[in-house]
Structures are given as structure tokens and as C-alpha cells.
Amino acid sequence: MVEEKTTNETAKKKHIAPLDSTFVLNNKKFRYYNNWVTAGAGVQQNLTRKYPLGFTGGVDFNFHIKHHYFQLGTNISGEKFGFYNNYQFHGGYGKRYEDKDIHFSGFAGISYSTGYGLVDSIYSRPYSQPGIYLQVDIIKKVTYDVGVGASLYADWNAEQAMAGIRFIVYFSGAYNGKKYRSAE
């Protein structure tokens, strides 16, 4: 009776790979737990002020501590490319799913935005506000550790609410060398 209960409990537990685990794909070794960087540009909509669609660009460094994923990143945005009136920094905690073809991740956390608000058609009123940040990345992998995709994000603070989409490139630190060395 005790053995049955233990067996059922173990079947319900999710398998978690050890931190130093690797796997082989096309004679290349990859790590299960790895860090990655995304960078890209796209469009954003200021939901508070109802400006026309503007430019947004950003970079995110995503890393893990044991089995937990974290994100540090920055966004710049404005009316158009080269004209930026909002600079945002964010950090968050998230979840990740990936296989050999796709990568999906979602993060939630805090942000800090600074920039200039519009006064009489001139961006002259400075602001600095803490806020809440959400981001979801969907990536199609070209190889296991390189891909392209989209990043949807939203940022809310006392100055403004903003949502956007960036088209991004993805670079992972999963590659760990070749499994077999050729006899050269």
C-alpha cells in the first residue's frame, strides 16, 4: 500500500533536468539551461496620449539562477526612428518553453521610465516614473541557438501606458561544442 502511494506521487512530479545537463542534436551538444539575448525594433502605441504609432527598439538579456529565469532590458521609444522621448529599463521574473524549433517565454516585473512629456507641441516636461512591465517572446529557431520572432510588451506607469511589438533576433548560449570530433 505504501509503495503504490509513492509510485503515484513520483508519476505526478514533473521531470526537471539537472542544471549541467546536455543533449545532442545533429552532432552538436547543447545545454538545457542557458542564457539568451534578444534585440529588435518595431512599433509602439502610447495608450494614454493616443499618439499615432511610433518607433520602439530594445534589448533584453535573459538569464537563469538554478531553475529560475530573470530578465534585464531596455526600450527606447518615440514618434519615429531617431526621435526618442521615452527611455525605459526593466527587470522581471519569467517562464520559458523551448524545443528544437521554437522558443516561447513570458516575463513580468518592474520598470523605470524617464523622458519628456509634450507641452504645447514641444517635448519639454521631464518625467521619471516606476511602473509595471510585461513581455512575451515567440521565436522560430533557424538553428537551435539562433532565431527570429516577435516580442509583445506593455508598460504601465503614472505618466503613461504603452504597448508595442518588436521584431527580434534571438541568440542563445546553449551551444556546448561537437559531440564527436572528426579525425583531422
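Throughout, read-outs are computed from the coordinates displayed, never taken from laboratory work. Worth saying up front: this structure is predicted, and the values here are computed from it rather than measured. Cβ sites come from the backbone with ideal geometry, for glycine too, and all protein chains shown count toward neighbours.
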At a 10 Å Cβ-Cβ cut-off, how would you order PHE55, PHE104, fewest neighbours first? PHE104, PHE55
Could you list which residues have their amide H under 5 Å from that of TYR69, counting only those 5 or more apart in sequence or on another chain, with H placed in the peptide plane? GLY94
Within 10 Å of each residue's Cβ, count the other Cβ atoms and sort ASP99, ASP145 from fewest upward. ASP99, ASP145
Normalised by the number of residues in segment 36-175, what is the relative contact order in percent for Cα pairs under 8 Å and 6+ residues apart? 23
So what is the diffusion coefficient of segment 36-175 in µm² per second by Stokes-Einstein at 10 °C and 1.306 mPa s, using a Kirkwood Rh over Cα pairs? 103
Sorted by chain and then number, the residues having a modelled amide H within less than 5 Å of the amide H of ASN35, at least 5 places away or on another chain, are GLY173
DSSP loop (so not H, G, I, E, B), at most 15 other Cβ within 10 Å: list which trypsin sites (Lys or Arg not before Pro) in segment 34-82 pass both filters. ARG49, LYS50, LYS66
